[in-house]
1. If I stretch the segment between Glu402 and Leu691 completely, what's the gain in nm (0.36 nm per residue apart, minus their alpha carbon distance), one decimal?
2. Hey, could you get me the Stokes-Einstein D for segment 886-944, Kirkwood radius over alpha-carbon pairs, 20 °C and 1.002 mPa s, rounded to whole µm² s⁻¹?
3. Could you list Val836, Val408, Val60 so that the one with the fewest beta carbons within 10 Å of its beta carbon is first and the one with the most is last?
4. Give me Asp772, Asp984, Asp854 ranked fewest to most by other Cβ atoms within 10 Å of their Cβ, as a rough exposure proxy.
5. Multiplying the sequence separation of Ala273 and Ala608 by 0.36 nm and subtracting their Cα-Cα distance, what value in nm do you get?
6. So the label point goes 7 Å from the Cα of His1028 along Cα→C-beta, right? Which residues of segment 882-901 then have their backbone N under 20 Å from it?
7. Roughly what % of DSSP beta bridges within segment 40-240 run antiparallel, to the nearest 5?
8. Give me the aspartates and glutamates in straight-line cross-link reach of Lys461: C-alpha distance below 14 Å, same-chain residues under 8 apart excluded.
Amino acid sequence: MARACPACRARDLPPESRFCLACGAPLAETAADGAAPYTPALVERVIHTRSAREGERKQVTILIADVAGSLALAERLDPEDVHVLMDGFFALALDAVHAERGTLNQFRGDGFMALFGAPVARENHALDAVRAALAVRRASQDYNRSTRARFGVPFVIRIGLATGPVWVGAIGSRLRLDYTAEGSTVGIAARLEELASPGQILVTEAVAARVERHVELAALGTRSLRNVSEPVGVFEVVRAGAHESALDAERAHGLGRLVGRDAELAAIAARLAAVARGAALWLELAGETGIGKSRLAHEVRARDPQPWLEGRCREPQATRAYGFWRDLLRRWPAELAGADEVEAALRLLDGAQTPRAPGETEARLRALLECAAREQPVCVLVEDAQWMDRASRAAIDKLLAEPPAAGVRFLATVRDDGAPVLAAASPRAERIGIGALSADACEEIARTQLAAHRNGTHLAKLAALRAGGNPLFALELGRALAEGEPPLRHAAELELALHRAGVRVPTTLRDVVAARIDSLPDGAKRLLQSAAVIGRGFDAELLAALDVESGDAVAAQLAELTERGLLVARDRGFDFHHDVVRDVAYGQMLRSRAQALHLRCAEALERAGCDATPEGVSEIGWHFDLGGAPLPAARALARAGARYRALFAPREAAAHLRRAWELVASLPDGERDGALRLDVGLDLSAALNTLDHTGEACAVLEELSADAESVAHRDRLAAACVESGWVGFTERGEAARSCALLERGIALARESGQRAVEAQGHGYRIRVCHIDGRIEDAMESARRVTELGTAAGERFGAIFGLGNEGYVACDAGQVGRAVELCERACELAREARHEVGLALASGWLAKALVFRGDLDAALRLADEARGLAAATSQQSALYNAEIAAGCALSLLDQPKAAAEAWERLVEINARWATTIDWLGAASLETGRFAEAVEHARNCLATRPPRLVRVRTLRTLGLGLALGRAPDFERAEDAIGESLTLAVDLGLVPHAAAAHAALAELCARRGEPKRVRWYAERARREWESCGMHRHAERADALLELTDSV
């Protein structure tokens, strides 16, 4: 109640003020004054609530205000006057802060600090704090006029607000106990207060995001604040906005289609329509926060042609008489009858006019409703009725008992976590429960926010899974995934695969749920937090093993949590009603307590034998990890990853093994386990190769190869390096990196005497070095394969080594030796009756014969290789045979048949760069020059190995030169680059082909001297290699000089 000064008769003084703000006279203490603390409820909670005493983590909003120019003010006034001045201001501030359910926890010499959202969480703490800041500013502006009149000094404040995570709890002892907050959020609020100009309210971007639809803001850009490492986005609060609730704001921006509520809509509409003239009905829509009560009521109202009135109950006004009716009257539509009487009624409710008799207020409200409903029953929408004050409720009770002549219908939204507002107390009151939405409906809601994202459909499924049938949660999760950083969406996709909670709850939802959790008794709250450590799905026995302090009270506390809708009973235990509840309960715990509970949970699960399944050992590893025990966590996660690999679930395997790899790397020297590191690394690289993450797999193996402990296990590491080197090349074309891994694997295999692994490594190295133009290295490996095969009496090794050496020798221009080697490989294969070896050797010999010019024989061998490859499913042999056949047909002047052979490579492997290169050659062969250019450019875009690049650049140059609109300059550049690279790599046949291509370009351009010079060079180079049939093509180019 406001107070009056007995000395000067000044009225409306703040109830907490100890001095008159007009004359300075001391005010008499009321019965509630004296030695009582200024926040008795806070002291009670801190002393008797364990979480408040020990401290907890909370999302809060910090408000810091001080008087601008306070030092100058203190210099001008007597200290006693300063005390009177500040005492009056603090009284005003207390009133404003407490009105919005804030906690004024610190007075400073010229200002104060207030918390919103602690010790009891509030769902809209940022908005409460901003409203309190606006109220403090308004009060200080009025106060400024009185201080100027009395003391002749201005009184202006500045305010800073920040939202974020803090530690909150009690500091001190019973002799002096303070409740305070610690964390960077407090410091940022203080820096904003320092930055603010007199009369200004500054907030962070996080605060602005929460209140932007309710207040008018001005963006001031980012500012660097003292002792804050990163620049902070700053906004100014200009004034209160037009939209009080979230639904008001959504309505202003346009509501989307209501999803999944057709049955509820029909039931509500039918019940309201059944109210006869002169009758009354109170219909409560009861449901949990975010279930869509207000949205449903809005839809009912939008579809009803009759007049509606609307009023909202707010938590801070729950103890203020007629708060609901005052709000309803302020919203009274101007076009509705009775509008001219609203102001008089408001004066009565506000206390500006004293009622002349008991019941006058209710009579005035009845008269207004009668006026509005002259023809038909009026409909009144009551939002958040659980916060209705008693006076407003008494007025409604009378209207229900004695309805107006036209009748009245109340449609109220109310949370179902408390007793009914009226439904159990009045025969004319009913309640309709609003249940969960279907998963499909939640997915549709989330999809409206994620439509623009590539994986929007999958992310919407996750939002629906996490929402638990709550449309607001689905909407906010959709927004968070849409607006968040890419790592958040990546984590969400991983969660969808693992069905494990990994995405954090949007802050706006945290506050709603935190308020419900903070209303629990201390023991039940701590039990819920213990359950949050376990995660989804748990039994009472496991929970009792964690929360040993609850003892015999566990069953009763579980019953209470279930009754309040935070937990649900399942066939085999309990579960969280929403993942959101679990996340918020978990987030409130101090890190030390959470870690201790995770360790206890991991040990309990191990004792229960839960490590028998991949899921169980995964959960144990997860708990050890969160419990700060990296070694047992790594061991468990490695086991889980290995089991998921065995189940052919590479994504899940990689997720577990990645974390195990990180944990092993974090171990101090005294705890390092070399065998575990090797196991994890090898399993991880294999899983990554399966997922085509070959670059990451190679990086893991490179780390292992450099590690002395891992090298002690040479046998296993050698095989892994060889396999990963080959996969890295075939899937990514990483020639240099793959060669390094192959060579490391070969060396380890040689050291450990693993001849088969060494031979396999050399076999892969032949291919990598050959296609990258490292001809001597490739031939060296081929000779080593021959040696190893011969020494072991293994015919296929010798066949493979000889044939590959000959195959590679062709590109070095050693055609005679190439034919000899490939023929020996074929003979060995026939002697051994080795069909796979013969399929490969026939293809290699076909290429060597093409280079020598024996084209008919080359075609016969290519056909033989095709047949053998088909019989043995040997794709590599078929690939080489098609290339050789196409080259032979090209030299026989059968361009169409040649192109068809090369185009069949797509059926074998369309992804390889060599395939794209030969497609370009096929297009060039048949005169499709633009197509040839396109294929060549596509191949070059893959950054192919150097031998492929030599051929592709030549194709590109000829395509550019021979097309309808020749680009001779670029064509010559491309062929010139091909020639330079071929010469550098010692690829004589390819250098000759480049010279021939330049001759053809010059002939098209009309430069006979250059044609002759390039053609002669090409003929000499081909002749030096023994490629006489190719040299004939150079002679044909020389003949062109006569016609140029």
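No value in this document is a laboratory result; all are computed from the given coordinates. This structure is a prediction, so every number in the text was calculated from the model and none was measured. Positions of Cβ are backbone-derived with ideal geometry, glycine not excepted, and every protein chain shown enters the neighbour counts.
1. 96.7 nm
2. 191
3. Working: Val836 19, Val408 26, Val60 31.
Ascending number of Cβ neighbours within 10 Å: Val836, Val408, Val60.
4. On the way: Asp772 23, Asp984 12, Asp854 18.
Neighbour counts put them in this order, fewest first: Asp984, Asp854, Asp772.
5. Working: separation 335, 0.36 × 335 = 120.60 nm, distance 5.86 nm.
Using 0.36 nm per residue and subtracting the Cα-Cα distance, I get 114.7 nm.
6. 888-893
7. Details: 40 of 43 bridges.
The answer is about 95 percent antiparallel.
8. Asp440, Glu443, Glu444, Glu476, Glu493, Glu495
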